[in-house]
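Notes follow the structure.
The values are calculated or read from the model by the stated rules, or taken from the named source; none is laboratory data. None of these values were measured; they are calculated from a predicted model. Here the Cβ positions follow ideal geometry from the backbone for every residue, glycine too, while neighbour counts run over all protein chains shown. Ligands, DNA and RNA are stripped out before the accessible areas are found, and what is left, the full protein with its side chains, is counted by its heavy atoms. Shrake-Rupley method; radii C 1.70, N 1.55, O 1.52, S 1.80 Å.
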Amino acid sequence: MASSDIAVHADLADALQQQAIQAGATSPAVRGADWRLAVVATVGTDGTITTTDGIIARRMATYLSPAAGDTIVVSVSSSGNWLAHGCTAPATAAGTWQPLTLSGGWTTYGTPYWAPSYRINGDGTVSLSGLAKAPVSAGQPQTLCTLPAAIVPASKSRFPTEVASAIHGVLDVNATGTLQIQDYAGNATWAALDGVQYRLT
């Protein structure tokens, strides 16, 4: 093959590659260089997820709790394989403490204790903190509050907690969205939330 033919073929290959890159850059499947946002449609049992627009991506080891409806970051390699990096931060950013709105006569205990609050952790768990003051009459079970939708777990969790001096009970984080104390003797004076950490899914 003549050198001029080789040059023509090389130029043609370069042109085709450039067209492919430009097409990829404007395709809805790729934004920026090689990543985009996507919404999870289904979660596979083989370590993959499928997005609502049909991308099958392998989960990174750090994407621990995938769920349908997650808004995630996906990227594509030069070989065309997709990776799911994990969720974008929720409206309540991971790691920031937010106040719990108490109900049923429960109030913030006050100084020197933390106010009842929660935070969403980067691993998809939720932490609680603070001390809540019981109403005058606090038989059981007592509902402290209804949890914000973003921190309602898929299943119930139970934790030991102090409800009065030297009196212990159980704190229930319910899948119905309520936060309750029960299984204690007498009346509750407070409910300690510090140290509670539960999974969402």
Report summary line: Picked from region 134-144 (must be in contact with a Gly (Cβ under 8 Å, 6 or more places away or on another chain) and at pLDDT 90 or above), the residue least open to solvent (accessible area, probe 1.4 Å) is LEU144
Report summary line: If we ask which residues in region 94-123 are out of contact with any strand residue (DSSP E or B) (no Cβ under 7 Å at 6 or more places or on another chain) and closer than 26 Å to THR71 by Cβ, their number turns out to be 2
**Report entry** Only one of THR125, THR96 that is touching a residue at least 60 places away in the same chain (Cβ under 8 Å) and polar (S, T, N, Q)
**Finding:** THR125
Query raised in the report: Residues TYR198, TYR109: which one is aromatic (Phe, Trp, Tyr), farther than 30 Å from TYR63 by Cβ and surrounded by 14 or more Cβ atoms within 10 Å (Cβ to Cβ)?
Result: TYR109
Query raised in the report: Is at least one residue of region 25-36 modelled with pLDDT of 85 or more and surrounded by 10 or more Cβ atoms within 10 Å (Cβ to Cβ)?
Result: yes
Query raised in the report: Pick from LEU171, LEU131: which is of a type outside the set (S, T, N, Q), in contact (Cβ under 8 Å) with a residue 60 or more places away in the chain and surrounded by 18 or more Cβ atoms within 10 Å (Cβ to Cβ)?
Result: LEU131
